[in-house]
Amino acid sequence: MRLTKYFLPILRETPAEAQIASHRLMLRAGMIRQASAGIYSWLPLGYKVLRRIEQIVHEEQQRAGHIPLLMPTLQPADLWRESGRYDDYGAEMLRIKDRHQRDMLYGPTNEELITDIFRSAITSYKDLPLTLYHIQWKFRDEVRPRFGVMRGREFLMKDGYNFDLTVEDAIHAYNRHMVSYIRTYERMGLKAIPMAADTGPIGGDHSHEFLVLAPTGESAVYYDRAVTDMTLGDRAIDYDDRGQVSEIVATWTGPYARTDERHDPAAFAEIPEERRVEGRGIEVGQIFFFGTKYSEPMKALVVNEAGERVPVQMGSHGIGVSRLVGAIIEASHDEKGIVWPEGVTPFHAGIVNLKQGDAAADGACEAIYAGLRAAGLDPLYDDRDERAGAKFATMDLIGLPWRVTVGPRGLASGVVELTSRRTGESEEMSPEAAVARLAGIYAGVR
RNA sequence: CGGGCUAUAGCGCAGUCUGGUAGCGCGUUCGACUGGGGGUCGAAAGGUCGUGAGUUCGAAUCUCGCUAGCCCGACCA
């Protein structure tokens, strides 16, 4: 993309309403614009990041064998009356009447709808196990939305639901989700730690939430440093291999890691002091096993091998997709702006032409731009007629992980500069070498 | 939902106390000089002062209502 043809409404000054870094930077970098309290438009740059995160979530869910579908945002109230949650959910649920005075609601989650879909189609244990998921907008009418997309009323969430015959099968689904989540967050450059959690209004028996470590996080967290040293990496995972999956879960949930709600100071004190860490975290996902909480009242039954009709064992599993955009920025920024991890960056690299209109500089930039695109990358070429300082400031603000700086001075000796946003380190090389280097860097990014 | 606060140009703000018909910086447009970290000079455009009513010869300014937004707390992917 050429910047002169793009829509990137960056702000030089910080809007007064933004209190935390991610909100401030998302507004300044032209990623979002508030429509009303807790409701945002996603401008092109923000939308690209959102889509990249969504794509990673899709890839990892499907790798784990989960099936995508799409349910609507508006749901009929009757389904919620069946589960008993229409009255339980309270004012957080946005209730709407259609023209026929039918009670509708903007879905805050989808257990009822998915259970209805399941029961209408599946009646035999032979069709299990099954995990369905979607990525769809949710609405929860928060009393006090704040922190930009971190705590919006409308938010994009991946929510998945497993249907299994036995508790053991459902626990495997739970474990499968945990492993796929660990990998998902890793691909986004995040350190997200599973922590035992309360089940809240969704209910159920076990639950973990995933906390991204960031100093501005909403929750106080206590953990053994051992959890932050673990990496799943690229290892081959067979999601049908219960032994392998449960072993990974055991490894990741072994060390002490709790939010303040579940904190046990006595157990924490037993960790060697040098490994004890008190920090803050942002919740970016949660998994639940809740058995027959919905299948029983909503009569989602299957016939088992013995010919008996039994309620399916279920769980639900969520990733806060739109919240992740903010969480990643909280975890990765500096005083100049955002620092995107390669896995989610809106553009792979920025090209800064220091002297627009200079034949050599223009030519070299065009060649690099074409070269990067030919290599399958998505570069952002700053071809505005701006001074170098303004271009650098823009690139730093929007946080592309790599920048190719092209100017007449360097070109005189045949070189351009490749700079890492994270470290600030630059290296001079030929334009061709810069393209090859970037292609190599991204070949290693899943 | 309790407590506090705000609303004036795209953004950041002054002007309100003490009523006289709206201003500054950034950004934008045009011109010139510039050109490796938000450069300089000159010119210009841009505002129903959130909204409704009231007081007054006259309201951004005073009074009352309403709406929207923000912050602290309690609650949440």
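Per atom type, the stretch A:349-443 shows carbon and sulfur on 51% of its accessible surface, probed at 1.4 Å. The stretch A:1-59 and the stretch A:242-283 have Cα centres lying 33 Å from one another.
Across the stretch A:3-338, the mean sequence separation of Cα contacts (distance under 8 Å, 6 or more residues apart), normalised by length, yields a relative contact order of 21 percent.
Accessible surface for the stretch A:349-443, divided over its residues, is 44 Å² per residue with a 1.4 Å probe. In this structure A:Asp198 has an accessible area near 70 Å², from a 1.4 Å probe over the protein heavy atoms. Summarising the overall dimensions of the stretch A:349-443 from its C-alpha atoms, the Rg and Dmax are 11.9, 33 angstrom.
Averaged over its residues, the stretch A:163-290 has an accessible area of 41 Å² per residue, based on protein heavy atoms and a 1.4 Å probe. Note on chain A: GNM, Cα springs under 10 Å; of A:Thr228, A:Thr292, A:Thr423, the largest mean-square fluctuation is that of A:Thr423. Between A:Ala236 and A:Ala393, the distance separating the two model label sites (each 7 Å from Cα on the Cα→Cβ line) works out to 5.3 nm. Quick one: how many lysine pairs does chain A have with C-alpha atoms less than 21 Å apart and a gap of 8 or more or different chains? Give me the count, please. Eligible lysine pairs with Cα atoms under 21 Å apart amount to 14. Here the Debye sum runs over all C-alpha atoms of the stretch A:316-363 as equal scatterers in vacuum, and log10 of I(q)/I(0) at q = 0.15, 0.20, 0.25 Å⁻¹ comes out as -0.60, -0.79, -0.95.
For a Förster distance of 35 Å, can you work out the FRET efficiency between the beta-carbons of A:Asp334 and A:Tyr6, rounded to the nearest 0.05? Using R0 = 35 Å, I get an efficiency of 0.90. Between A:Ile67 and A:Ala226, the contour length at 0.36 nm per residue exceeds the alpha carbon distance by 53.9 nm. Each Lys or Arg adds one and each Asp or Glu subtracts one; over the other residues with Cβ under 15 Å from the Cβ of A:Trp340, this totals +4. Using a simple spin-label model with pseudo-atoms 7 Å out from Cα toward Cβ, A:Lys97 and A:Ala360 lie 7.5 nm apart. The simple spin-label model puts a point 7 Å past each Cα toward its Cβ; for A:Arg384 and A:Thr251 those points are separated by 4.7 nm.
The orientation-averaged projected area of the convex hull spanned by the Cα atoms of chain A comes to 24.6 nm².
The values are calculated or read from the model by the stated rules, or taken from the named source; none is laboratory data. As the structure is a computational prediction, the values presented were derived from the model and not from experiment. Reconstructed Cβ throughout: ideal geometry from the backbone, glycine too, with neighbour counts over all protein chains shown. For accessibility, only protein heavy atoms count, side chains too; no ligands or nucleic acids. Shrake-Rupley method; radii C 1.70, N 1.55, O 1.52, S 1.80 Å.
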